[in-house]
Amino acid sequence: MKIDFANLGKAYEEHREEFEKVALDVMRSARYILGAETEDFEQNLSIFTGNNHALGCSSGTDALLLALMAMRVRTNDEIITTPFTFIATAETIACLGAKPIFVDIDEETYNIDASKIEQAITKKTKAIMPVSLYGQMPDMDEINAIAEKYDLAVIEDAAQSFGATYKGKRSCNVSTFGCTSFFPAKPLGCFGDGGAVFATNEEDYEKMKAMRIHGQVERYTHHYIGMGGRLDNLQAAILNVKLKTYESDISRRQAVAMKYCDKLSGSIIKPTIKADRTSVWAQYTVRIKNRDRIQKELKESGIPTAVHYPIPMHLQKCFSYLGYKAGDFPVSEKCAQEVMSLPMNPYLEEAEIDYITTNLNTIL
Ligand SMILES: *Cc1c(COP(=O)(O)O)cnc(C)c1O
């Protein structure tokens, strides 16, 4: 058997006629950037998340940048985040000259350990940037309470969690800012780069709306230093189609995850989803010893796996100037050595899941 990790081809086939129709409509309309499709998409995002300040933008990375720029984050500011994430989280902070301050993760959920945040706060702290890793949101009530106590913003890096819920509220609607990605491999993916940024506050929303188009408030009238961060109508049109069936995609991912949990051996550390939240299963990530050997053997059986992520941020060469060293965040370091993501997409069939789990259980 040969297993497809994300099966983007199947996602296309499933709605091929509709995708081709809407794409053709955009091409024939000769309106390509920030037009009707993008406006519709933003409205759909608001309905879906419950947050009526939604803006389409060029990527998840740019969504994070827009939020940080709207807050006027700059040199000497500190932003508290997790070292166990994709590079973009800490990179956008550093890009603006600010300092990422890392706080170790909770070993059960792989998200920032809220109980360790307070001790990292200084006079320079501007915001907390938790990441909703693998599709599950962190302890948002605790994080929001700390932010309120110290008058900080909370920026949710929701690139992997669009559609997830926390106490009934959707990801991107639980903090000062929510930033998500529609990169093809994310749970809701488009056919190129795309993202969205959400604000709880009208003023931030207006500012980001201008900032994603070079700070422009009227043609050639610029009130802010912004960026080229627009979403194109082709991607918005595709996303409008995909969003209509996204709930059922989430349920199918959920069903795949439950089958993995049932069928995997007890000696594998499986994902833990807290009772008050749901995951969109951006990844189904387990923990094992002897990862290199297991990945190699699975690959030989036609089962692709991935590591999210092998090197925590504080040990990345690009962040060596921050002065962290091995041992600073032991939970992140241990998880970085043991995590392994299994194929995850809505189309995995029972027989494929059986094949994957049987193979993995026997070579442990
Ligand atoms: C994918 C991802 C991003 C960046 O999104 P892009 O759309 O690729 O720019 C940021 N943070 C996390 C946690 C991600 O997984």
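The values are calculated or read from the model by the stated rules, or taken from the named source; none is laboratory data. Please read these numbers as outputs of a predicted model, since none were measured by experiment. FYI the Cβ positions are ideal-geometry reconstructions off the backbone, even for glycines, and counts take in every protein chain you see.
Structure notes:
- Going through (1) more than 15 Å from the ligand (Cβ to nearest atom); (2) of a type in the set (D, E, K, R); (3) more than 19 Å from Ile143 (Cβ to Cβ) one by one, Glu91 falls short only on (1).
Residue-wise test of (1) at pLDDT below 95; (2) crowded, with 20+ Cβ neighbours inside 10 Å; (3) of a type outside the set (Phe, Trp, Tyr).
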| residue | (1), (2), (3) |
| --- | --- |
| Ile3 | no, yes, yes |
| Phe19 | no, no, no |
| Asp25 | no, no, yes |
| Glu37 | no, yes, yes |
| Thr49 | no, yes, yes |
| Ala54 | no, yes, yes |
| Thr61 | no, yes, yes |
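- Only one of Arg72, Arg16 that is on the phi > 0 side of the Ramachandran plot and away from the ligand (no atom under 16 Å from the Cβ): Arg72
- Selection from the range 163-187 of residues that are more than 11 Å from the ligand (Cβ to nearest atom), within 18 Å of Leu66 (Cα to Cα) and assigned to a loop (DSSP other than H, G, I, E, B): Ser171, Cys172, Asn173, Val174, Ser175, Thr176
- Applying a threshold of 6 Å to beta carbon distances and a minimum spacing of six or more residues, or different chains, the list of pairs starting in the range 78-90 at a residue that is of a type in the set (Val, Ile, Thr) and ending at one that is within 6 Å of the ligand (Cβ to nearest atom) and outside any helix (DSSP H, G or I) reads Thr82/Val131; Thr85/Val131; Thr89/Val131; Thr89/Asp157.
- For the range 223-241, the count of residues that are within 19 Å of Gly50 (Cβ to Cβ), at pLDDT 95 or above, not in a strand (DSSP E or B) and not hydroxyl-bearing (Ser, Thr, Tyr) is nonzero.
- Residues of the range 52-63 classified as more than 13 Å from the ligand (Cβ to nearest atom) and either touching an Asp or Glu at 6+ places or on another chain (Cβ under 6 Å) or within 10 Å of Asp193 (Cα to Cα) (or both), total: 1
- Val331 being outside any helix (DSSP H, G or I), away from the ligand (no atom under 16 Å from the Cβ), of a type in the set (A, V, I, L, M) and under 22 Å from Glu108 (Cα atoms): no
- Among the residues of the range 121-145, those that are in contact (Cβ under 8 Å) with a residue 12 or more places away in the chain and among the charged types (D, E, K, R) comprise Lys124, Lys126, Asp139, Asp141, Glu142.
- Val280 β-branched (Val, Ile, Thr) and under 30 Å from Gly35 (Cα atoms): yes
- Yes/no for Lys209 being in contact with a Ser or Thr (Cβ under 7 Å, 6 or more places away or on another chain) and modelled with pLDDT of 95 or more: no
- The set of residues from the range 68-113 being aliphatic (A, V, I, L, M), in contact with a strand residue (DSSP E or B) (Cβ under 8 Å, 6 or more places away or on another chain) and farther than 30 Å from Lys274 by Cα comprises Ala70, Met71, Val73, Ala94, Ala98.
- Test: residue in the range 68-78 that is in contact with a Ser or Thr (Cβ under 8 Å, 6 or more places away or on another chain), among the hydroxyl-bearing types (Ser, Thr, Tyr) and either modelled with pLDDT of 95 or more or farther than 22 Å from Gly215 by Cα (or both): no
- Applying the criterion of being part of a strand (DSSP E or B) and within 16 Å of the ligand (Cβ to nearest atom) to the residues of the range 152-162, the residue that is surrounded by the fewest Cβ atoms within 10 Å (Cβ to Cβ) is Val154.
- If you check Leu96, Leu66 for being within 16 Å of the ligand (Cβ to nearest atom) and touching a Cys at 6+ places or on another chain (Cβ under 8 Å), only one passes: Leu66.
- Test: residue in the range 206-222 that is under 15 Å from Glu42 (Cβ atoms), of a type in the set (D, E, K, R) and more than 16 Å from the ligand (Cβ to nearest atom): yes
- Top-ranked residue in the range 199-223 [being in contact (Cβ under 8 Å) with a residue 40 or more places away in the chain and in contact with a His (Cβ under 6 Å, 6 or more places away or on another chain); ranked as surrounded by the most Cβ atoms within 10 Å (Cβ to Cβ)]: Ala199
- The residue list Ser320, Ser251, Ser267 contains one member that is within 30 Å of Asn44 (Cβ to Cβ) and polar (S, T, N, Q), which is Ser251.
- Of the listed requirements (1) touching a residue at least 40 places away in the same chain (Cβ under 8 Å); (2) of a type in the set (Lys, Arg); (3) not in a loop (DSSP other than H, G, I, E, B), Lys299 misses just one: (1).
- Verdict on Val256 being touching a Pro at 6+ places or on another chain (Cβ under 9 Å), surrounded by 20 or more Cβ atoms within 10 Å (Cβ to Cβ), modelled with pLDDT of 95 or more and of a type outside the set (Phe, Trp, Tyr): yes
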